[in-house]
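Working notes, structure below.
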Amino acid sequence: MEVKNKVNIRVAGKDYTLVGVESEEYLQKIGLYIDKKMNEIMKVNTRLSTSMAAVLTAINIADDYFKSFEEEKRLQKELDDAQAELERLKEANKALTAENAALQSKNTDLQLELAKKEVELGGVKSTIGKVRHR
């Protein structure tokens, strides 16, 4: 069974008791947020009744929620796209690493072949030099 916390809060000058499984600090934070939003609305229009201010506060909080939800969806898509791009780049890196290894191996083979040809060429030059000196 979950432990329920009970917290007294003040919203627009009236006391309320919140009960929930969240921490007391969290429930206080919620109360302060609602009080702040409601006071902002009541300052703009001093003629609003408390119930009308509460409805407008609820509308504003719902607006904040939906905008946050849409922003979260946009950010999640951005994250998913970035992860897909990262996977694509990892695959490209793997392919390029393999290609680089193959090219390095071919380069080593060509360097060995060049060294052999240079030795051969040196032998031919030596033979030609001996023939000329005769």
(Q) Quick one: 3J(HN,Hα) in Hz for the range 5-17, Karplus 6.51/-1.76/1.60 with θ = phi - 60°, rounded, Gly and Pro as x. (A) 9, 10, 9, 8, 10, 10, 10, 6, x, 10, 8, 9, 10
Q: Per DSSP H run of at least 4 residues, take -39500 (n - 2.57); add these up for the chain, divide by its residues and hand me the 222 nm value, nearest 500 deg cm²/dmol.
A: -29000 deg cm²/dmol
Q: Could you order I61, I9 so the one with the most accessible surface comes first? Probe is 1.4 Å.
A: I61, I9
Q) Ignoring ligands, DNA and RNA, what percent of the 1.4 Å accessible area of the chain is carbon and sulfur? A) 58 percent
Q) How much accessible area does T50 have with a 1.4 Å probe, in Å² rounded to the nearest 10? A) 50 Å²
Q. Using a 1.4 angstrom probe and counting only protein chains, how large is the accessible area of L56 in Å², to 10?
A. 60 Å²
Q. Over the Cα atoms of the chain, what Rg and Dmax result, in angstrom?
A. 38.8, 123
Q: For the range 57-134, give the magnitude of the charge dipole about the Cα centre (Cβ charges: +1 Lys/Arg, -1 Asp/Glu; no others), in debye to the nearest 20.
A: 1480 debye
Q. For the pair E78 and Q28, what calculated FRET efficiency results from E = 1/(1 + (r/R0)^6), where r is the Cβ-Cβ distance and R0 = 35 Å, to the nearest 0.05?
A. 0.55
Q) What is the set of long-range amide H partners of V11 at a cut-off below 5 Å, with H atoms built 1.01 Å from backbone N? A) Y16
Q) If r is the Cβ-Cβ distance from E118 to N93 and R0 is 30 Å, what FRET efficiency results, to the nearest 0.05? A) 0.25
Q: Taking H placed 1.01 Å from N in the peptide plane, check which residues at least 5 places from N5 or on another chain put their amide H under 5 Å from its amide H.
A: G20, V21, E22
(Q) Explain nothing, just compute: Karplus ³J(HN,Hα) = 6.51 cos²θ - 1.76 cosθ + 1.60, θ = phi - 60°, for every residue of the range 96-109 in order, whole Hz, x for Gly and Pro. (A) 5, 5, 5, 5, 4, 4, 5, 5, 5, 5, 5, 4, 4, 4
Q | Where the chain is the region considered: accessible area per residue in Å², 1.4 Å probe | A | 86 Å²
**Q.** Folded to 0 to 90 degrees: helix 24-44 orientation relative to the chain principal axis, Cα
**A.** 70 degrees
**Q.** the range 103-119-the range 1-54 distance, computed between alpha-carbon centres (Å)
**A.** 80 Å
Q: Leaving ligands, DNA and RNA out of it, work out the accessible area of M52 with a 1.4 Å probe and give it in Å² to the nearest 10.
A: 90 Å²
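The values are calculated or read from the model by the stated rules, or taken from the named source; none is laboratory data. Please read all numbers here as calculations on a predicted model, not as lab measurements. Note that we place each Cβ from the backbone using ideal geometry, even for glycine, and neighbour counts take in every protein chain shown. With ligands, DNA and RNA removed, areas are computed over all heavy atoms of the protein, side chains included. Shrake-Rupley method; radii C 1.70, N 1.55, O 1.52, S 1.80 Å.
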